[in-house]
Amino acid sequence: MGFALSLAYLALSGLVGWMCDGMTGWWLVLHMVAGGTFAACIVLIAVSRAFEGARSLWKWILWLAWLACAVGTVFTAVMPMMTVYGEVGQEVLLWSHRLCAFAFAGVSGLMCWSGCRKKRD
């Protein structure tokens, strides 16, 4: 439930912030709080379901892609907060964050679709 709610808020606030240049103030603060919840839920999901799909190579590939996209999304969200990268590096990390988030959403959708498809069969 925490994962779904944080993901929904992150997607909404991220798109609104990106499209309307509104990722400031409370939008940004709440986006960061939801990001922390999202990261904690990823860890809980990873620990609780790590070996569930061990019988299928396809499930392992999807699982590893999901984890890689999740880690990439969190990493690229935290790294722009460091001033080491300068303005150009922060802009690259911002775009990397957006791309990782879209990839994560796509892989998550693919995992849900494959799970639902298996249950129907």
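If you scan region 5-25, which residues turn out to be at pLDDT 80 or above and surrounded by 10 or more Cβ atoms within 10 Å (Cβ to Cβ)? Before you say what the answer is, go through the steps one by one.
Going residue by residue through region 5-25, those that are at pLDDT 80 or above are 5-16, 19-20, 25.
Selection gives Leu5, Ser6, Leu7, Ala8, Tyr9, Leu10, Ala11, Leu12, Ser13, Gly14, Leu15, Val16.
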For this session: Exactly one condition in (1) at pLDDT 85 or above; (2) β-branched (Val, Ile, Thr); (3) more than 13 Å from Ala101 (Cα to Cα) is not met by Thr76; state its number.
Result: (3)
Exercise. Taking interchain pairs and intrachain pairs at least six residues apart, which have beta carbon atoms under 9 angstrom, with the first residue in region 20-44 and in a helix (DSSP H, G or I) and the second loosely packed, with under 11 Cβ neighbours inside 10 Å and among the small types (Gly, Ala, Ser)?
Worked result: Cys41/Ala4
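Just a yes or no: is a residue in region 42-57 within 11 Å of the chain's Cα centre (by Cα) and within 21 Å of Gly109 (Cβ to Cβ)?
Filtering region 42-57 for residues within 11 Å of the chain's Cα centre (by Cα) gives 42.
When the remaining residues are screened for being within 21 Å of Gly109 (Cβ to Cβ), the result is 42.
The answer is yes, given that some residue of region 42-57 is within 11 Å of the chain's Cα centre (by Cα) and within 21 Å of Gly109 (Cβ to Cβ).
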Exercise. How many residues are more than 15 Å from Ser108 (Cβ to Cβ), surrounded by 14 or more Cβ atoms within 10 Å (Cβ to Cβ) and among the small types (Gly, Ala, Ser) when one looks only at region 26-41?
Worked result: 2
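The values are calculated or read from the model by the stated rules, or taken from the named source; none is laboratory data. The structure presented is a predicted model; accordingly, all values stated were derived computationally and were not measured. With ideal geometry, Cβ positions are generated from the backbone for all residues, glycine too; neighbour counts draw on all protein chains shown.
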